[in-house]
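Right, one structure below, let's go through it.
The values are calculated or read from the model by the stated rules, or taken from the named source; none is laboratory data. This one's a predicted model, so the numbers in the text were calculated from it and none came from an experiment. Neighbour counts run over all protein chains shown; Cβ positions are idealised from the backbone, glycine included.
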Amino acid sequence: MINKDKNNDRKIYITDIEQNYLFLNEFPKKKVSFNRIAFIFFLFLIVSIIFSVKIFYYGSFSNNKMLVENTIIKNEIRSDIIDRNGNFLAKTVLTNNIGINPQLETDKKKLFVKLKILFPDLSLEQFNNKFEKNKFFYVKKKLSPEKYDQVRLLGEKSIITEQKITRIYPHENLFSHVIGQIDDENNGISGLEKSLDKKLKKSKKKVQLALDANIQFLIRNELIKFQKIFRSKGSAALLMNIDNGQILSLVSLPDFNINKRNKIIEEKFINRISMGLYELGSIFKTFTLAGALNEKIIVPDTNFENMPKSINCAGRKISEYDMEIPSSLTAEQILIRSGNIGSVRIAQKMGIEKTKKFLNSLKILDPINFELEEVGKPLPIKWGKCKLATVSFGHGISTTPLNVATAYAMISNGGYEIKPTLLKDSINIKKKKVLDKYVSNEINSILRKIVITKEGTANLANVRGYSVSGKTGTAQKIENGIYTKKKINTFVSIFPSFKPKYVFLVLLDEPKTNSEYIYNYRDGSEKKYKGTPFNTAGWTSVEVAGKIIEKIGPILATKYKDFY
């Protein structure tokens, strides 16, 4: 501010100049501050837009990924499989796996020590071998939630954890041939997992089988025990309801742990019940007699006199297996004493066409209609007079144990055709008759005499309280087209004989005698016998069947009240 004094002189005050200077400089300062704010605001706006776009993008991607993962999980889930009592046989669950990425680890020894504490069975050698490859490898799969959490708490960055949908089989080996396996792509490759693949993938409803896990366990244990006693190559057993065809147990040994998903290609692991083709020997004599009775060609008391101990057919000799069999027997006695020549005489009265027709009605010569794809196809027969003779006593004809058990069920249930089934809800209505009820009653009575009479070949199956009846079969195995000394020993039983309910078949593949084994008769007597005198079904398969019926009989009688 400029003022004039009395002398008209101009005076400039420093204070005013400073104030003016400050005022003049205040505007440009404010202008610079505003530009900066505008710039910062614009910058934040751009950054916010970028982050918003990214959040939207990744959010959308995450949702899509989640949708894909949910779709994958949905596709991986298969219906649970349960037994007739609701016990889980196959189940889809979320499992925990852990692995190692060697590229992320600096102290291999320290890592191994930590893992060894949690997994004592961890092999150092295998761990080092896998680690040296410098590639990801699994340490453990299917961990429990507790163990999975313990691994995560180790805090090792090289440990990779994952959760995966998988299929587990709580009973491991117990149902291996029935349940089967799936591959890594969730597709069934054997057993019911394969044959019911579409149903198991699409339906959320549990698939309930006719099988009984408790009975299966008991039967398998006895088979394993006697496989050691008789040193057999393999064995099998089948328990089926003769009225509705429901299978309560199907065991084939050797078996395998289906949780391991190993590729099973060795012949020894085949399902011997449904897939195995065998000549089964004298159990066919029941069909021969039943067919002749059904055609009314003979009656049980029909006499066959002056039968030789052997006959020749096309240059080949057919002999009695027991030379003490009388030369004159009734038709009933021929079956009780398991006569070869007598069975030939009965078949000759039947003739080729009627014999073929009857065997066809019993489904002996055709692949069985079954839920499993592993089903054997009986070998075709070139019929002739000699073939008729040998077929009459089970020589020169091959079929599966499942075919035979089904045929015995039809003969014993009053003569009605049935379809064997593994499914509990399968409806099996008796419709078609394959033979007269009179024949069924007569055969049941004769089969009972095979077990209870001195002349019968199955005395060891006479389990008190269960009225067991049945027929033995001992056959030589063929290798490279030549009959060998190796045996297939089979016993087919029906019980209780006065009210038939179950057919139970036991097969031993290449059993051997045991000089130390003690036989205890089950008819209430204290009779014992040490050592296996003959390698026949009467001393091997019958003994196994008797032991098993002693164990499963009480369960059947308790659970299934129509047993008696």
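Checking the structure you have, find out if any residue of the stretch 542-553 is assigned to a loop (DSSP other than H, G, I, E, B) and either surrounded by 13 or more Cβ atoms within 10 Å (Cβ to Cβ) or in the same structural domain as residue 250 (by TED's automatic domain parsing) (or both).
The initial filter retains those residues of the stretch 542-553 that are assigned to a loop (DSSP other than H, G, I, E, B), namely none.
No.
Looking across 122, 118, 89, 94, one residue alone is touching a residue at least 24 places away in the same chain (Cβ under 8 Å) and over 22 Å from residue 181 (Cα atoms). It is 118.
If the requirement is being among the basic types (Lys, Arg) and within 27 Å of residue 401 (Cβ to Cβ), which of these qualifies: 272, 345?
So the residue among 272, 345 that is among the basic types (Lys, Arg) and within 27 Å of residue 401 (Cβ to Cβ) is 272.
When 220, 231 are checked against the criterion of being within 24 Å of residue 403 (Cβ to Cβ) and charged (D, E, K, R), 220 stands alone in meeting it. Quick check on the stretch 464-471. Is at least one of its residues under 26 Å from residue 553 (Cα atoms), in contact (Cβ under 8 Å) with a residue 24 or more places away in the chain, out of contact with any strand residue (DSSP E or B) (no Cβ under 8 Å at 6 or more places or on another chain) and surrounded by fewer than 24 Cβ atoms within 10 Å (Cβ to Cβ)? The answer is yes; a qualifying residue exists. Where helices (runs of 4 or more DSSP H) fall wholly inside the stretch 56-161, the ranges with 1 or more residues that are under 33 Å from the mean Cα position of the chain (by Cα), modelled with pLDDT under 90 and closer than 30 Å to residue 205 by Cα are 145-152. Between 529, 502, 517, the distinction of being among the aromatic types (Phe, Trp, Tyr), free of Cβ contacts under 8 Å to residues at least 24 places away in the same chain and either surrounded by 21 or more Cβ atoms within 10 Å (Cβ to Cβ) or more than 28 Å from residue 411 (Cβ to Cβ) (or both) belongs to 529 only. Under the condition of being under 28 Å from the mean Cα position of the chain (by Cα) and either assigned to a loop (DSSP other than H, G, I, E, B) or surrounded by fewer than 22 Cβ atoms within 10 Å (Cβ to Cβ) (or both), the residues counted in the stretch 398-424 number 11. For beta carbons closer than 7 Å, sequence separation of 6+ or different chains, a first residue in the stretch 302-326 that is free of Cβ contacts under 8 Å to residues at least 24 places away in the same chain and of a type outside the set (Val, Ile, Thr) and a second that is surrounded by 10 or more Cβ atoms within 10 Å (Cβ to Cβ) and assigned to a loop (DSSP other than H, G, I, E, B), the qualifying pairs are 305/328; 306/327; 306/328; 319/309; 320/309; 320/339; 323/309. Taken over the stretch 162-192, residues that are assigned to a helix (DSSP H, G or I) and either of a type in the set (A, V, I, L, M) or more than 19 Å from residue 272 (Cβ to Cβ) (or both) amount to 3. With respect to being among the basic types (Lys, Arg), modelled with pLDDT of 95 or more and either surrounded by fewer than 24 Cβ atoms within 10 Å (Cβ to Cβ) or under 30 Å from residue 82 (Cα atoms) (or both), residue 449 fits the description. Looking only at the stretch 341-392, filter to residues that are closer than 20 Å to residue 410 by Cα and of a type in the set (S, T, N, Q); which one of those is modelled with the lowest pLDDT? Selected residue: 369. The one condition from (1) surrounded by 17 or more Cβ atoms within 10 Å (Cβ to Cβ); (2) assigned to a loop (DSSP other than H, G, I, E, B) that residue 237 does not meet is (2).
Residues in the stretch 437-459 that are closer than 13 Å to residue 413 by Cα, without any contact (Cβ under 8 Å) to a residue 40 or more places away in the chain and among the charged types (D, E, K, R): 437 alone.
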